[in-house]
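Engineer: Let me give you the structure first, and then I'll get to my questions.
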Amino acid sequence: MTLIMEVPVLVAANQKMPMTQVKVDAPHPGEVRVKMFASGVCHSCLHAYDGSHATPMPMILGDEGSGVVESVGDGVTTLVPGDHVIISWLLNCGTCPPCRNGKPAHCWAPSPFGALLDNTQRFHNAKTGEKILHYGPATYAPYTVVPESSAIKIRKDMPLDKAALIGCSVTTGFGAVTNAAGARPGQSVAVVGCGGVGLNSIQGARVVGAFPIIAIDTSEGALELAKKMGASHTINAAKEDVLEAIKKICPRGVDYSIAAVGSTKAMLNALKMLGAGGTMVILGAPPSGSMLEIDPTANILAGERRMIGSKYGSSNPHVEFPMLVELYLNGKLDLDSLLTGNYRLDEADKAFEVLAKGGPGRGLITFEQ
Ligand SMILES: NC(=O)c1ccc[n+]([C@@H]2O[C@H](COP(=O)([O-])OP(=O)(O)OC[C@H]3O[C@@H](n4cnc5c(N)ncnc54)[C@H](O)[C@@H]3O)[C@@H](O)[C@H]2O)c1
Ligand SMILES: [Zn+2]
Ligand SMILES: [Zn+2]
C-alpha cells in the first residue's frame, strides 16, 4: 500500500527544506518499509544541505535512524512487521563476496546514490509525481524503504532514540578505533574533531584501554563532552598550536590519529602528529574536490606512517549494531550524553543550523508516533 507523508525535501543547497507531500511505495521484493522512530542529524547530511558536497536533488536526507518494520516485500526472510531495527546507511546487496565476508562497505553492487539497489526510488512528490531521491536510507522520512540487509534487528528493550545514533555516528567513530586502527591497550589515540562521530572514537579508545586519549576540537563544549566520554587530555585547536600541544603529551607522536572532521587543514595536523609507525584514519569528508597536500618523504616514508580511510568505521553492522546495543545497555557506552538536541521533523533546518554552528554532541529528530 502506498502511503502519503509530509517530509522535508532538499531542493536547493543552503535553503530551507520545504515540507512536501510525498508518496512512499510499498517495499519491493527483498525490501522492508520501516516506520521511523528517530533520526540523528549527521554532518554528512549537512555537507549535502550546505552545498559543500555536490548532491543531486530533490532528495530526502538522513543517514542515521531507528524504527519498527511496518511491512516486508516478497522474499524477505529475516524480518517481520513489528521488529525493532537500526538502519544501516550502506544500502549494500548483501550477497556479493565482500558482503558475505562482513565487509559491506566494499560491496560490488551497492545502491547507486539517490536510489535503492534496482536504481529506482520509492518516493514521489504526491502532487507532481516527480521522483524524489534517497540520501542512502533517507531516514528523515517518517516511513522509509531499504533493502532487507540494511535494516538490522535489535532487542526490543533498547530505547529507540538512543538506538538511532548507532546508525551512523556511533558505529563510524567507534569502529574507526576498534576496527580500522585496531588500537590496543596503552596505545595513544588522538581524535581530531569531537562531534557526533569523533566523540565515539573517544569512546572506542576508552573501551579498548588506549592511553593517552587526546581530544582535539575548536569548541570548548565538544572538549567537555570528550572528557566526559573518556579523553585523558584535550587541546583547543582554536587557541593552541595543536602540534606543539601534542608534543607535550606524546613527545614521539601518537600511535593513531582519527580525523573526524571534514577539513583538510585538520587532516594535515592529524597526519603530522603521528609518531613512527603511526596510522591516521580518515573519517571526515572535506568539501567535494578538496585536495590534501602532503610531503610523502617527511610525512609518510620517513616514519613508515600510514594514512587509511574508514567508511562506517569499517564495520559489519549486522554484528556491530547489536554489540553496541549491548555495550549501551550494560553501561559501557554513553549514548545519553551524546544526545544533546531534540527536534521535530519540521525543525530539520534548525537542527542543521545548530550543527553548523558547532553545537556539541548529536541532535535527534523524533517522529510523531
Ligand atoms: N567515514 C564515514 O563513514 C563517515 C560517517 C559519518 C560522518 N562522516 C564525516 O565525518 C565528519 C564529522 O561528522 P560529524 O557528524 O561528527 O560532524 P560534527 O559537526 O558533529 O563534528 C565535527 C567537529 O569538528 C570540530 N572542528 C571543526 N573544525 C575543526 C578543526 N579545524 N580542528 C578540530 N576540530 C574541528 C567541530 O567543532 C565539531 O565538534 C563529517 O565530514 C562527516 O561527513 C564520515
Ligand atoms: Zn552519517
Ligand atoms: Zn554486496
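Engineer: Look through segment 211-228, keep the residues that are open to solvent by 10 Å² or more (accessible area, probe 1.4 Å) and touching a Ser or Thr at 6+ places or on another chain (Cβ under 7 Å), and return whichever of them is farthest from ligand 1 (Cβ to nearest atom).
Structural biologist: It comes out as 211.
Engineer: Does residue 147 qualify as being more than 27 Å from residue 361 (Cβ to Cβ), more than 18 Å from the chain's Cα centre (by Cα) and within 16 Å of ligand 3 (Cβ to nearest atom)?
Structural biologist: yes
Engineer: Now, a different point. Scan the strands (runs of 3 or more DSSP E) fully inside segment 1-107 and keep the ones with 1 or more residues being aromatic (Phe, Trp, Tyr) and crowded, with 20+ Cβ neighbours inside 10 Å.
Structural biologist: 31-40
Engineer: Hey, among the residues in segment 225-281 that are assigned to a loop (DSSP other than H, G, I, E, B), out of contact with any His (no Cβ under 7 Å at 6 or more places or on another chain) and touching a residue at least 60 places away in the same chain (Cβ under 8 Å), which one's farthest from residue 197 (Cα to Cα)?
Structural biologist: So, considering only residues that are assigned to a loop (DSSP other than H, G, I, E, B), out of contact with any His (no Cβ under 7 Å at 6 or more places or on another chain) and touching a residue at least 60 places away in the same chain (Cβ under 8 Å), the one farthest from residue 197 (Cα to Cα) is 250.
Engineer: Outside the structural domain of residue 15 (by TED's automatic domain parsing), more than 16 Å from ligand 2 (Cβ to nearest atom), within 22 Å of residue 173 (Cα to Cα) and open to solvent by 40 Å² or more (accessible area, probe 1.4 Å): is that true of residue 360 in this structure?
Structural biologist: no
Engineer: Checking residue 284 against (1) open to solvent by less than 20 Å² (accessible area, probe 1.4 Å); (2) closer than 30 Å to residue 5 by Cβ; (3) of a type outside the set (Val, Ile, Thr): exactly one of these is not met. Which one?
Structural biologist: Here residue 284 clears every test but (2).
Engineer: Turning to a different aspect of this structure: Identify, please: which residue in segment 335-357 is open to solvent by 40 Å² or more (accessible area, probe 1.4 Å), of a type outside the set (S, T, N, Q) and not in a helix (DSSP H, G or I) and is, among those, nearest to residue 202 (Cα to Cα)?
Structural biologist: Looking at the filtered set, the residue picked out is 336.
Engineer: Restrict the check to segment 309-324 and report whether at least one residue is closer than 21 Å to residue 192 by Cβ and more than 10 Å from ligand 1 (Cβ to nearest atom).
Structural biologist: Taking every residue of segment 309-324 in turn, none turns out to be closer than 21 Å to residue 192 by Cβ and more than 10 Å from ligand 1 (Cβ to nearest atom).
Engineer: Of all the residues that make up segment 108-120, how many are more than 16 Å from ligand 1 (Cβ to nearest atom), assigned to a loop (DSSP other than H, G, I, E, B) and not charged (D, E, K, R)?
Structural biologist: Residues in segment 108-120 being more than 16 Å from ligand 1 (Cβ to nearest atom), assigned to a loop (DSSP other than H, G, I, E, B) and not charged (D, E, K, R): 8 in total.
The values are calculated or read from the model by the stated rules, or taken from the named source; none is laboratory data. The shown structure was predicted, so the numbers you read here are calculated from the model rather than taken from an experiment. Cβ atoms come from the backbone with ideal geometry, glycine included; neighbour counts cover every protein chain shown. Side chains are part of the model used for accessible areas, which takes the heavy atoms of the whole protein and leaves out ligands, DNA and RNA. Shrake-Rupley method; radii C 1.70, N 1.55, O 1.52, S 1.80 Å.
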